[in-house]
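The block underneath contains the structure these notes are about, expressed in structure tokens.
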Amino acid sequence: MASFIIRRLGQALVVLLVMSMLVFAGVYVIGNPVDVLISPDATQEIRRQVIAQYGLDLPLWDQYLHFLRRLLSGDLGTSFVFNMQVGTLIAQKLPATLELTLIAVLFASAVGVPLGIYAGYRPDSIAARAIMAVSVLGFSVPTFWIGLMLIMVFAVQLGILPAGGRGETRPLFGVPFSFLTADGWAHLILPALNLSLFKMSMMCRLAASGTREVMLTDTIKFARAAGISEATILRRHVLKLISIPLVTVFGLELGSTLAFALVTETIFSWPGLGKLIVDSITSLDRPVMVAYLMLVSALFVVINLCVDLAYVVLDPRLRHGRR
């Protein structure tokens, strides 16, 4: 196990190095931030001073090496727009995005997996067909449209939930969270529901297909012949056998939800990383864009490593194979 982890960490470092090159080059060609930072009426001398101040007059490779040296020392640079350390800026926004993402993915799994298991266990029932039909909507309907409809119905028409914002927060280990207060939950319900619908549909359909496949195996036939109850079969055998693909999807969707929560955060004015990156792209704030993309890459690498370790825990065959 130790050699496996060391090997994966080495691969992760290579992936992050390649990603840093691609990210830095991609952000470099988007545009010139000087056009946004400096007034059009500024003189050429002022433009030259600002360009030299931010190191934008250096060649691309030289800028990348400066960025890499700062990154290795833990310095993500200074935001052009907010004029503060990018690490501090991300640390202020990250808890809101993590909170929204975790609640959305956990809710999607808690609802989607049981519904999918039931749909796979009773595939010919009316309820199962209704579940599979509704799950198609999660793939088909755009996220932004669902978010707007949720605001229209629950915030505008019924007036029972707020349309945006994070609401009241309470610190936990010095970090503010919304789920610790009633007002925070009221602000959290709509964006979390909007963010979880696509994931819920995916988990539901994956659990349904896995359950239908497992129910035809000899393991289930022998369990029934031994007189084991159906509830125990579903809990101990079916859920365990379909856990590998579910863990894979859970890990990947956790990373993708964290990376692409910007649509939901923009619609519901949720003060997280998604809204920050949208504002940074608009203002061509290069340090923030590069730091955000590097953070997302690092999170995907860490999540994939955790998923691989979960495989070994869940499937004894993998442990015996490694030995």
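The values are calculated or read from the model by the stated rules, or taken from the named source; none is laboratory data. What you see is a predicted model, and the numbers here were worked out from it, not measured in a lab. Virtual Cβ from ideal backbone geometry, glycine too; neighbours counted across all protein chains shown. With ligands, DNA and RNA removed, areas are computed over all heavy atoms of the protein, side chains included. Shrake-Rupley method; radii C 1.70, N 1.55, O 1.52, S 1.80 Å.
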Amide H to amide H, which residues 5 or more places from residue 78 or on other chains are under 5 Å from it, using H placed in the peptide plane? 86
Output ³J(HN,Hα) for the stretch 78-91: one whole-Hz value per residue in order, computed from phi by the Karplus curve 6.51 cos²θ - 1.76 cosθ + 1.60 with θ = phi - 60°, and x for Gly and Pro. 10, 5, 5, 8, 7, 6, 8, 4, 5, x, 5, 5, 5, 4
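Just to confirm, what accessible area per residue do you get for the chain at 1.4 Å probe, in whole Å²? Mind showing how you got there, number by number?
On the way: 17440 Å² over 323 residues.
For the chain, the per-residue accessible area is 54 Å².
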The stretch 247-304 to the stretch 59-119: how many Å between their Cα centroids? 5 Å
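Kindly state, to the nearest 0.05, the FRET efficiency for residue 269 paired with residue 302, given R0 = 30 Å and r defined as their beta-carbon distance. If you can, show how the numbers build up before the last one.
On the way: r = 29 Å, r/R0 = 0.96.
Step by step, r from the Cβ atoms, then E = 0.55.
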Stretch gain in nm, segment residue 309-residue 140, where the contour uses 0.36 nm per residue and the Cα spacing is subtracted: 57.5 nm
Please compute the modelled spin-label separation between residue 62 and residue 8, points set 7 Å along Cα→Cβ, answer in nm with one decimal. 4.2 nm
Label selected from (1) 53, 43, 39; (2) 82, 56, 43; (3) 86, 59, 37, the criterion being Cα extents along the principal axes in Å as computed here: (3)
Please list, or write none, the lysines whose alpha carbon is within less than 30 Å of the alpha carbon of residue 275, excluding same-chain residues fewer than 8 places away. 93, 199
Quick one: if you stick a label point 7 Å off each Cα along the C-beta vector at residue 72 and residue 122, how many nm between them? 6.2 nm
Rounded, prolate or oblate (a/c below 1.5 giving rounded, otherwise prolate when a/b exceeds b/c) for the stretch 169-220 by Cα gyration tensor: prolate
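Report, to the nearest whole %, how much of the accessible area of the chain belongs to carbon and sulfur atoms, 1.4 Å probe, protein only.
68 percent
When you count, for each residue, the other Cβ atoms within 10 Å and take the mean per peptide, how do 167-178, 274-285 rank with the highest first?
Values: 167-178: 13.8, 274-285: 19.8.
Those peptides, ordered most packed to least, come out 274-285, 167-178.
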Pull up all non-local amide H partners of residue 177: gap of 5 or more, or a different chain, and H-to-H distance under 5 Å with H placed in the peptide plane. 170, 172
